[in-house]
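These notes concern the structure reproduced below.
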Amino acid sequence: VTSGEIPAEFYARVFVARATMTDSLRFWSTCNLILQQALGQLDPDRQGMSIWVVKCMPPSGPYNKVRSLREIVGQGTHPWSGNLEQQAMFLGAESLAGNVVTLCRPGIIENLDEEHNLMPAARVDFEKSAAIYPILYEGRIAGVLLISSTEYNHFLLQTRTTLAQSYADLIALSFEENDFYAPEDIALCVMPSHHEQKQYFAKFRRLIADTMIVAASNNRPVNNIEADQIVWQRLEEKLLQLSIDNKML
């Protein structure tokens with residue numbers, strides 16, 4: 001049976017990790033530590049679960065608003081792979097995660113086959129139920145904790161949803177203060193389907209390498225993390241345009 005609480009000693013581990021990590025590693029290390037613990041508690045029998053930290057993209061566009069979300073750190077149990085980062089995509093207004101960010105309140109779907117008409121939900125393979133919790137700080141939002149299960153009704157248990165909420169609160173410690181946005185800074189757009197996005201992400205590693213080479217040749221070298229952010233922002237722009245073009249067809 002799932003315990004509804006995160007063990008006290010685990011909080012201590014998170015605080016130590018956060019205090020001792022360098023700036024560049026703090027977010028990734030803390031998120032991965034927390035996701036590993038969350039998977040162990042929320043899917044102890046390894047029935048099949050994926051957990052993503054989904055982050056608001058920096059404000060952009062003519063109105064300088066947060067226009068999309070990016071899956072940034074993810075872990076899973078079979079049938080998902082252990083490390084999900086290679087499969088990261090954008091989510092927008094069409095997704096349940098986008099709905100949660102816009103409303104700043106959790107969203108749970110117990111049966112995606114039945115309830116998909118009631119709430120927006122961009123589905124992924126194997127996903128039967130999902131629970132999504134906003135990552136909040138002082139009334140502002142940085143993104144969501146997105147939990148998908150291969151089982152219907154996985155989030156009916158109160159202890160399970162309480163625990164998931166606690167993990168969303170804990171993961172807020174991974175973020176910097178400037179990662180959180182006020183509700184009025186958010187105006188999510190529709191993103192193309194995962195299927196359409198995949199072809200754009202196929203060359204992701206090469207795009208990062210090219211970005212670093214070009215930056216170095218211009219005497220403005222960037223590190224891997226900075227190049228990653230630049231590529232995500234360029235892809236966001238392309239995919240938002242693709243979504244507009246699709247609408248006009």
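Summary of values
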quantity: Under Karplus coefficients 6.51, -1.76 and 1.60, residue-wise ³J(HN,Hα) of segment 37-42 in Hz, glycine/proline x; calculated: 5, 4, 4, x, 8, 8
quantity: Extension gain, PHE126 back to ARG234 (0.36 nm per residue minus Cα-Cα distance, nm); calculated: 35.9 nm
quantity: Options VAL214, ALA187, ALA93, ranked by Cα towards positive dipole end of the chain, top entry (Cβ charges); calculated: VAL214
quantity: Solvent-accessible area, 1.4 Å probe, carbon plus sulfur percent, for the chain; calculated: 53
quantity: MRE, 222 nm, helices only [DSSP H, n ≥ 4, -39500 (n - 2.57), over the chain, to nearest 500]; calculated: -13500 deg cm²/dmol
quantity: Under the Karplus curve 6.51 cos²θ - 1.76 cosθ + 1.60, θ = phi - 60°, whole-Hz ³J(HN,Hα) for segment 62-72, x wherever Gly or Pro sits; calculated: x, 9, 6, 10, 6, 9, 7, 10, 10, 6, 10
quantity: Semi-axis lengths (Å, descending) of the ellipsoid that matches the C-alpha gyration tensor of segment 1-152; calculated: 23, 22, 14
quantity: Segment 3-98, accessible area per residue, ligands and nucleic acids excluded (1.4 Å, Å²); calculated: 44
quantity: Label point distance in nm, LEU103-ASN153, each placed 7 Å from Cα along Cα→Cβ; calculated: 2.3
quantity: Point-charge dipole on Cβ atoms (K/R +1, D/E -1) for segment 144-232, about Cα centre, debye to 20; calculated: 520
quantity: Under the Karplus curve 6.51 cos²θ - 1.76 cosθ + 1.60, θ = phi - 60°, whole-Hz ³J(HN,Hα) for segment 46-61, x wherever Gly or Pro sits; calculated: 6, 6, x, 8, 10, 10, 10, 8, 10, 10, 5, 6, x, x, 7, x
quantity: As computed over segment 39-127, the Cα convex hull volume per residue (Å³); calculated: 112
quantity: Furthest towards positive pole of dipole, GLY4, TYR167, PHE155, structure part the chain, Cβ charges; calculated: TYR167
quantity: Dimensions in Å of segment 101-231 - Rg and Dmax from alpha carbons; calculated: 18.3, 56
quantity: Mean Cβ neighbour count within 10 Å, used as a protection proxy, ranking 145-156, 185-196, 218-229 highest first; calculated: 145-156, 185-196, 218-229
quantity: Near-label residues of segment 26-67 by backbone N, under 20 Å of a point 7 Å along Cα→Cβ of ILE225; calculated: 26-36, 53-59
quantity: Centroid-to-centroid separation of segment 56-78 and segment 143-218 [C-alpha atoms, Å]; calculated: 5
quantity: Extension gain, GLN86 back to ILE244 (0.36 nm per residue minus Cα-Cα distance, nm); calculated: 54.3 nm
quantity: Given LYS55/LYS238; LYS198/LYS238; LYS128/LYS203; LYS65/LYS247, the pairs whose alpha carbons are separated by over 23 Å; calculated: LYS128/LYS203
quantity: Net lengthening on full extension, ASN64/GLU5 (0.36 nm per residue, minus Cα-Cα); calculated: 17.3 nm
quantity: Modelled FRET efficiency - R0 22 Å, GLN165 with ASP45, Cβ distances, 0.05 increments; calculated: 0.55
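The values are calculated or read from the model by the stated rules, or taken from the named source; none is laboratory data. Given the structure is predicted, the values throughout are model-derived calculations rather than measurements. Don't worry about glycine lacking a Cβ; one is built from the backbone with ideal geometry, like all the others, and counts go over all protein chains shown. Calculation scope for accessible area: heavy atoms of the full protein, side chains included, ligands and nucleic acids excluded. Shrake-Rupley method; radii C 1.70, N 1.55, O 1.52, S 1.80 Å.
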